């Protein structure tokens, strides 16, 4: 298993420099083709003066077209001399942005994307709802924080929960785990569940070994919300990548109360790999 085709989503009117740098590095590492993608929705104005509304809509579309050309130019410049096979896909339309990207991702093994801002610095017509996208894309997603200048695989942490989503994420991440310097599989557990967690991780480590990945295991104990323990553990390890399942429990509950997935989508502190 390897990655032969990557897709990178680019934000309009924003810097995508580090995201493009990580994408190019990853494409070179795996000899992969790269598909650049951008999507936006024109504004919808309802007013009594149709001429003024029409003028504003035309100006907005013109701005979006200009920004789309700009990110395509930046995409091609960043990949030049590093990636042989490039494609570009974009749309300006009223359909859901996440629907468009999810449909186009049929052509890719992995989507790379920036995190969703906690407060929009550009209008909603240019923002992808990452929660919706992760739920429907059917492909793994790697969230690249703005601060990341490379994909650091020296230390990789796998946040384990015995769920379908986590099993899928570890399977999808195998090409990266094989390249890692050190992999640690972590299950945050209540003290009374320690023996069961250790059994889980023995099985996971054995499975990974059969796929060429030698992994350490860790079972930090906590009776509280485990996501803070997991993030602290990854920080102590100076992990450059975290691998987790996405929305392992009820998504509405997680979005309201917080959770690992929400933290990754809104404010990741390192590159994060998710599958649902």
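Assigned to a strand (DSSP E or B) and either assigned by TED's automatic domain parsing to the domain that holds residue 162 or under 20 Å from residue 156 (Cβ atoms) (or both): does that describe residue 185? Let's see the steps before the verdict.
Details: assigned to a strand (DSSP E or B): yes; either assigned by TED's automatic domain parsing to the domain that holds residue 162 or under 20 Å from residue 156 (Cβ atoms) (or both): yes.
So residue 185 passes the test.
Could you count how many residues in segment 200-233 are more than 29 Å from residue 2 (Cα to Cα) and not in a strand (DSSP E or B)? Steps first, answer last, please.
Filtering segment 200-233 for residues more than 29 Å from residue 2 (Cα to Cα) gives 219-229, 232.
The next check asks that each one be not in a strand (DSSP E or B); those that pass are 219-220, 222-229, 232.
Residues that pass the stated criteria total 11.
Those residues that are within 29 Å of residue 29 (Cα to Cα) and in contact with a strand residue (DSSP E or B) (Cβ under 6 Å, 6 or more places away or on another chain), I need them from segment 171-200; list them, please. I'd like the intermediate steps shown before the answer.
Taking segment 171-200 as the starting set, the residues that turn out to be within 29 Å of residue 29 (Cα to Cα) are 171-186.
Selection gives 172, 173, 177, 180, 182, 183, 184, 185, 186.
The values are calculated or read from the model by the stated rules, or taken from the named source; none is laboratory data. These numbers were taken from a predicted model, which means no experiment stands behind them. Cβ: placed from backbone, ideal geometry, glycine included. Neighbour counts: every protein chain shown.
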